[in-house]
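For reference, the structure discussed in these notes is given below.
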Amino acid sequence: MNFIEQLAPLAIKHGKANGVLPSMIIAQGILESRSGTSELARKANNLFGIKAGSGWTGGTYTVRTSEQGQHGNVTYINAAFRKYPSYEGCVIDLVHKYTHGTGWEDHNRYAGVLGQTDYKKAITALKAAGYAADVKYAEKLIERIEQYNLTKYDKEEPDMPVIFIDPGHGGKDPGGGTNKQFTEKDMVLKISLEQKRHFERNGIKVVMTRTNDEYVDSVPRTNRVKASGAQYCISNHINAGGGEGAETIHSIHASPVIATGILDALVACGAKKRRVFSRKGNGNTDYYYMHRMTGSVSTVIVEYGFADNTSDTQKIIKDWKKYAEAVARYYIEHVFKKKYVAEVQTEKEDDELEFTSGTLRNTVEGLLSSHAKQKQLIEDGIKAGSFGTVWRDKFDKKQLGKHDILGLYMLHHK
Ligand SMILES: [Zn+2]
């Protein structure tokens with residue numbers, strides 16, 4: 001997990017709850033600790049150079065710093081900084097500084113920073129309060145916020161649930177569930193991205209193994225799962241090897257409830273039911289590494305069907321979006337216990353044609369409701385040279401929608 005991913009949940013948890021923008025806190029961490037690589041960050045988990053002070057009872061870390069005097073003479077001083085068991089302590093202290101000021105005589109010092117929704121205003125207030133000696137401090141923070149797109153963390157809620165989606169395979173590994181119509185790695189990536197969209201629409205944060213055609217070995221793959229902060233993981237796959245139907249696999253240590261719920265949801269979309277199972281490897285461990293190596297994250301492997309089965313393949317090609325949504329919806333409703341917000345359908349295009357005249361409406365509606373009239377229009381149009389024979393082929397193959405017919409009508413009658 002990189003520095004930003006590590007700091008962001010803390011900045012959201014403690015910053016957001018107290019009116020301090022997470023983006024500003026993260027930018028301060030990046031700048032002041034050089035993304036966690038400074039001595040103070042490495043040795044004391046202190047990202048913001050917070051001094052120990054007289055009231056501090058926790059651990060300290062002493063840094064010998066040089067200061068140049070007025071006459072160019074260099075003196076050394078030992079400064080004691082707060083030492084924390086993790087980054088969380090220093091985030092709490094930074095936020096406390098903003099909410100409580102720097103002492104009873106100046107407790108409103110950072111009031112301008114609080115409750116801001118615009119990071120530039122928050123940072124301007126920080127500068128005005130004299131937070132840093134560096135005259136370019138504000139400018140540097142803004143630069144980092146924009147460079148790393150940190151404002152996205154300002155929009156996240158403190159206890160937003162997280163789910164991990166693992167599109168199987170990738171890169172040089174196409175996956176065994178590959179046939180002439182699709183490769184497993186591409187199909188499961190499409191399914192995974194579709195699921196991501198549905199989760200995010202419903203206020204659930206998604207972390208993924210990969211969002212493009214990347215090869216990820218088992219160790220980095222499972223490390224990403226463990227570092228995500230997610231409690232649940234869906235590992236998407238297409239099967240092969242001479243079977244039929246969808247199946248879900250849970251850990252030998254887990255209850256089959258979620259795996260069963262997912263399979264039932266897929267079956268409700270038309271998938272053939274194969275089985276829910278778990279598989280033991282050596283000793284008392286799971287056979288599949290996505291179960292064995294993902295720690296406490298509850299992982300279900302979902303096999304949407306067999307790439308070497310014609311019926312499964314046709315269903316996957318036709319219904320992969322439905323399958324993806326069904327799985328996401330199951331988690332949203334039954335695992336995260338949230339009300340599922342269905343997607344707003346934008347079918348206006350197909351259902352509501354707008355007309356400027358009643359006569360035209362009657363003509364068009366008559367045309368659209370009669371197969372014979374459409375056929376006649378196509379033949380008349382081709383004969384008159386209004387359009388080509390390709391439209392007869394399309395019509396015969398039932399490839400034309402309302403708008404196509406209407407378009408041909410307009411071409412023929414213009
Ligand atoms: Zn696979």
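The values are calculated or read from the model by the stated rules, or taken from the named source; none is laboratory data. Keep in mind that this is a model prediction, so the values were computed, not measured. Virtual Cβ from ideal backbone geometry, glycine too; neighbours counted across all protein chains shown. Surface areas here come from the heavy atoms of the whole protein model, side chains and all, with no ligands, DNA or RNA. Shrake-Rupley method; radii C 1.70, N 1.55, O 1.52, S 1.80 Å.
A few comments on the model shown:
- Region 1-64: C-alpha gyration tensor shape, a/c 1.5 cut-off, then a/b vs b/c: oblate
- Heavy-atom surface of the chain, accessible at 1.4 Å and reported per residue (Å²): 53 Å²
- Between 42, 64, 109, the residue with the greatest mean-square fluctuation in the GNM of the chain (Cα pairs under 10 Å linked by springs) is 64.
- Cβ charges +1 (Lys, Arg) and -1 (Asp, Glu), total dipole of region 353-413, debye: 140 debye
- Surface share of carbon and sulfur [accessible, 1.4 angstrom probe, percent] for region 162-335: 48 percent
- Reach of residue 414 by Cα under 22 Å, taken over lysines that are not fewer than 8 positions away in the same chain: 373, 375, 383, 394, 402
- Sulfur and carbon atoms: percent of accessible area, region 353-413 [1.4 Å]: 52 percent
- Using a cut-off of 32 Å between Cα atoms, the listed pairs 13/196; 120/172; 16/338; 155/322; 272/338; 136/226 include 120/172; 136/226 as exceeding that distance.
- The DSSP beta bridges internal to the chain are antiparallel in roughly 45% of cases.
- Working note: Karplus 6.51/-1.76/1.60 with θ = phi - 60° gives region 226-240 the couplings 5, 7, 6, x, 7, 9, 10, 9, 10, 10, 8, 9, 10, 7, 7 Hz, where Gly and Pro are set to x.
- Whole-Å distance, taken between Cα centres, linking region 170-230 and region 66-86: 48 Å
- Each label point was placed 7 Å from the Cα along the Cα-to-Cβ direction; for residue 43 and residue 267 their separation is 6.2 nm.
- Separation between Cα centres of region 260-333 and region 108-147, rounded to whole Å: 48 Å
- Qualifying aspartates and glutamates (Cα of each under 18 Å from Cα of residue 97; at least 8 residues distant if same chain): 32, 88, 105, 106
- Figure legend: label point modelled 7 angstrom from the Cα of residue 133 along Cα→Cβ; residues of region 56-88 with amide N under 17 Å from it are 63-81.
- Extension gain for the segment residue 411 to residue 399, taken as residue separation times 0.36 nm less the Cα-Cα distance, is 2.5 nm to one decimal.
- Cα-based helix-to-principal-axis angle, 402-413 vs the chain, degrees rounded to 10: 60 degrees
- Here the peptides 146-157, 313-324, 391-402 are ranked by packing, the mean other Cβ count within 10 Å, and the order with the highest first is 313-324, 146-157, 391-402.
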